[in-house]
């Protein structure tokens, strides 16, 4: 049994509708039954569940009742490496693939968190940083020039 949930504002588990669900393991074919909109039931065993779900903003997190191996594949153009824009929770291994995608893996975790960004956000951060550096120079330059005249 596995329930598709997301964390609410207070950390509560909120069910969501997953799409394109596939179950694989030591079975051929692996079958499951839906129970409601967010719960699937299958025989006990060691399985891999793949699914797609809606993402809001640039943040992905989940918590599980027992440790799971988690793999998240970010498509080409999405990154997590800049610590000012992206982040991964402790224990993650981040791998860049040849096709431009990024693989983030946790071996056995009860919770994971991932914040990613696109090149547009990185460009905005660079612009914002440059703007403040130029503003600081413009505001400090008159002070430095008058200070040098008084000292000489």
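The values are calculated or read from the model by the stated rules, or taken from the named source; none is laboratory data. Here the structure is a predicted model, which means the values were calculated and not measured. Ideal geometry is used to build each Cβ from the backbone, glycine not excepted, and the neighbour counts take in all protein chains shown.
So which residues in the stretch 16-44 are without any contact (Cβ under 8 Å) to a residue 24 or more places away in the chain, within 17 Å of residue 3 (Cβ to Cβ) and assigned to a loop (DSSP other than H, G, I, E, B)?
32, 36, 37, 43, 44
Okay, residues lined up against (1) under 30 Å from residue 84 (Cα atoms); (2) surrounded by 13 or more Cβ atoms within 10 Å (Cβ to Cβ); (3) in the same structural domain as residue 113 (by TED's automatic domain parsing); (4) in contact with a strand residue (DSSP E or B) (Cβ under 7 Å, 6 or more places away or on another chain):
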position	(1), (2), (3), (4)
8	yes, no, yes, yes
11	yes, no, yes, no
25	no, yes, yes, yes
29	no, no, yes, no
33	no, no, yes, yes
42	no, yes, yes, yes
47	no, yes, yes, yes
63	yes, yes, yes, yes
67	yes, no, yes, yes
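Just name the residue that is farthest from residue 46 (Cα to Cα) out of those in the stretch 58-108 that are touching a residue at least 40 places away in the same chain (Cβ under 8 Å) and part of a loop (DSSP other than H, G, I, E, B).
84
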